[in-house]
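Notes for the one structure printed next.
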Amino acid sequence: MIVTNSEKETRALASQIGSMLSKGSVIALSGELGAGKTTFSQGLAKGLGVEEYVDSPTFSILKIYEGRLPLYHMDVYRLDEESMEDLGLDEYLFGDGVCLVEWPSRIDSLLPEETIAIDIEALSTGARAISIHSAKLYKGLMS
Ligand SMILES: Nc1ncnc2c1ncn2[C@@H]1O[C@H](COP(=O)(O)OP(=O)(O)OP(=O)(O)O)[C@@H](O)[C@H]1O
Ligand SMILES: [Mg+2]
């Protein structure tokens, strides 16, 4: 678990993570409303070399950005496993880029085994606890 003390620190951490990802990486990003998911996503995209402005994919479900690798940014809040498969969106979980999924608990059973789960929890104004459930990534960040 890593504590960030500002939006800027969250962006920096996410950017560092973005620079460490590889083809096929899947990030399951959880956090309550206002926790910092969009902020984190923007930082991660930056670290992945995305220059375009990244906003919330809430209404479009999926947005694709061009970076060092393609970024598939999804918000599956309104979906479930069946509709995800009906729309063919599950293919992006096994695609040629990095897949960043917001509200991943809706589609738990579709997530690949190697999914990196990241949870953001608001501790107080300005502070966020960011839990990274990937030993490999966590060790890389700490070294
Ligand atoms: N340490 C921090 N890290 C990230 N954001 C922070 C931090 N401290 C305060 N904030 C503020 O929290 C807010 C996070 O908003 P953001 O839109 O990223 O959240 P979200 O999880 O995407 O929300 P929503 O569920 O509504 O989409 C911003 O206003 C940001 O400035
Ligand atoms: Mg958001």
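Structure values in brief
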| item | result |
| --- | --- |
| Single unsatisfied condition, LEU123 versus (1) at pLDDT 95 or above; (2) within 15 Å of the chain's Cα centre (by Cα); (3) open to solvent by 80 Å² or more (accessible area, probe 1.4 Å) | (2) |
| Qualifying positions in the range 130-139 - modelled with pLDDT of 95 or more and either surrounded by 15 or more Cβ atoms within 10 Å (Cβ to Cβ) or touching a Gly at 6+ places or on another chain (Cβ under 6 Å) (or both) | ILE130, ILE132 |
| Given (1) touching a helix residue (DSSP H, G or I) at 6+ places or on another chain (Cβ under 6 Å); (2) away from ligand 1 (no atom under 13 Å from the Cβ), index of the condition GLY43 fails | (2) |
| Odd one out for TYR92, checked against (1) open to solvent by less than 30 Å² (accessible area, probe 1.4 Å); (2) in contact (Cβ under 8 Å) with a residue 24 or more places away in the chain | (1) |
| Condition met for SER109 (in a helix (DSSP H, G or I), in contact (Cβ under 8 Å) with a residue 40 or more places away in the chain and small (Gly, Ala, Ser)) | no |
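The values are calculated or read from the model by the stated rules, or taken from the named source; none is laboratory data. Treat the numbers as computed from the prediction; the structure is a model and nothing was measured. Ideal geometry is used to build each Cβ from the backbone, glycine not excepted, and the neighbour counts take in all protein chains shown. Heavy atoms of the whole protein, side chains included, go into the accessibility calculation; ligands, DNA and RNA do not. Shrake-Rupley method; radii C 1.70, N 1.55, O 1.52, S 1.80 Å.
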